[in-house]
1. For segment 51-61, indicate whether the set of residues that are within 16 Å of the chain's Cα centre (by Cα), polar (S, T, N, Q) and either within 15 Å of Gly121 (Cβ to Cβ) or assigned to a helix (DSSP H, G or I) (or both) is non-empty.
2. From the residues in segment 20-34 that are free of Cβ contacts under 8 Å to residues at least 40 places away in the same chain, in contact with a helix residue (DSSP H, G or I) (Cβ under 8 Å, 6 or more places away or on another chain) and not in a helix (DSSP H, G or I), which one is surrounded by the most Cβ atoms within 10 Å (Cβ to Cβ)?
3. Do we have Arg46 as assigned to a helix (DSSP H, G or I), charged (D, E, K, R) and either within 13 Å of the chain's Cα centre (by Cα) or exposed (fewer than 15 other Cβ atoms within 10 Å of the Cβ) (or both) here?
4. Every residue in segment 80-96 that is in a helix (DSSP H, G or I) and either within 24 Å of Tyr199 (Cβ to Cβ) or in contact with a helix residue (DSSP H, G or I) (Cβ under 6 Å, 6 or more places away or on another chain) (or both), please.
5. Looking only at segment 52-83, count every residue that is among the β-branched types (Val, Ile, Thr) and over 20 Å from Ile20 (Cα atoms) and tell me the total.
6. Among what's in segment 1-19 and is surrounded by 14 or more Cβ atoms within 10 Å (Cβ to Cβ) and of a type in the set (Ser, Thr, Tyr), pick the residue that is modelled with the highest pLDDT.
7. For residues in segment 96-114 being more than 19 Å from Gln209 (Cβ to Cβ), surrounded by fewer than 19 Cβ atoms within 10 Å (Cβ to Cβ) and in contact (Cβ under 8 Å) with a residue 60 or more places away in the chain, which is farthest from the chain's Cα centre (by Cα)?
Amino acid sequence: MSEEKTAKTLSKRKVELESISDWVGRGESVLDLGCGRGILLSELMRLKDIYAVGVDSDFDKISRCMKRGVNAYHGDIMDALRTFDDNSFDWIICSRTLPELENAREVVMESLRVARRVAVGFVNHAYWRNRFAEFFTGDRIVNEVFPSRWESSRPMNPISLNSFKEFCKDNDIIINRSRFLRGDWERPCRFWPDMFAGYAVFEISKEKQK
C-alpha cells in the first residue's frame with residue numbers, strides 16, 4: 001500500500017473513530033464486522049478501554065489485528081454472528097461493510113439480535129456529484145466518495161441516506177442518532193444530507209435507547 005493511500009485510509013478511519021467514539025461508552029463491549037486491520041478497534045481500546053472483537057474474511061488483515069492486540073476471527077460475518085447469544089455486545093460496528101455484502105438485510109437483523117446498538121457507516125451513493133455525473137455522462141464519477149473506477153472496485157450495492165432510512169422504517173428499526181459528513185469526510189453536513197453528505201453514520205437498535 002502506498003504512503004498516500006495509507007494516509008487516506010488512516011484519515012477515513014480517524015473520521016469514523018471520532019463519530020463512533022462519541023457514542024461508545026468506556027468499558028463497553030464492541031464487535032466490529034469487517035474489522036480490516038483493526039485500526040478502529042485498537043483506537044477505541046486505547047481511548048475507551050473497550051472489550052474489542054473483530055471479524056474479517058481476509059486472513060492477512062486478521063493477522064494485523066492480532067499484532068495490534070485486537071481479538072479477531074477469520075471467517076464469514078453471518079457465521080460469526082450466529083455463534084453469539086442475544087445481547088452479547090453493547091455495540092456492533094458495521095463500517096463501510098454493508099454495501100459489499102450479498103445478505104446485508106440478514107446481517108443487520110442478526111446484528112440487532114447480538115448487540116443492543118449497531119453503528120452503521122456507509123458512503124452516500126446519492127452524493128450530488130455522483131447524481132450529476134450519472135445524469136449527464138451515464139458513468140460513475142471518480143472522486144473522494146468513490147475513489148476507484150468500477151473495474152478496480154469490490155462488488156458493491158450502493159446505499160443512499162434515504163434508502164437506508166426507508167429500510168429501517170420497513171423493518172421496524174429505530175434510528176437513535178446519526179452523523180453526516182460532507183464529501184471531504186471531515187466537515188459536518190447540516191443541510192440536505194441526502195444530497196450533500198458524502199458519508200453517514202447511524203446508530204440503530206430494535207428498542208429505543210436511553
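The values are calculated or read from the model by the stated rules, or taken from the named source; none is laboratory data. Since this is a predicted model, take the numbers as computed values, not measurements. Glycine gets a Cβ as well: all are built from the backbone with ideal geometry, and neighbour counts include every protein chain shown.
1. Within segment 51-61, none of the residues are within 16 Å of the chain's Cα centre (by Cα), polar (S, T, N, Q) and either within 15 Å of Gly121 (Cβ to Cβ) or assigned to a helix (DSSP H, G or I) (or both).
2. Top of the filtered list is Gly27.
3. Criteria met by Arg46.
4. Matches in segment 80-96: Leu81 only.
5. Here the count works out to 3.
6. Out of the qualifying residues, it is Ser19.
7. Arg105
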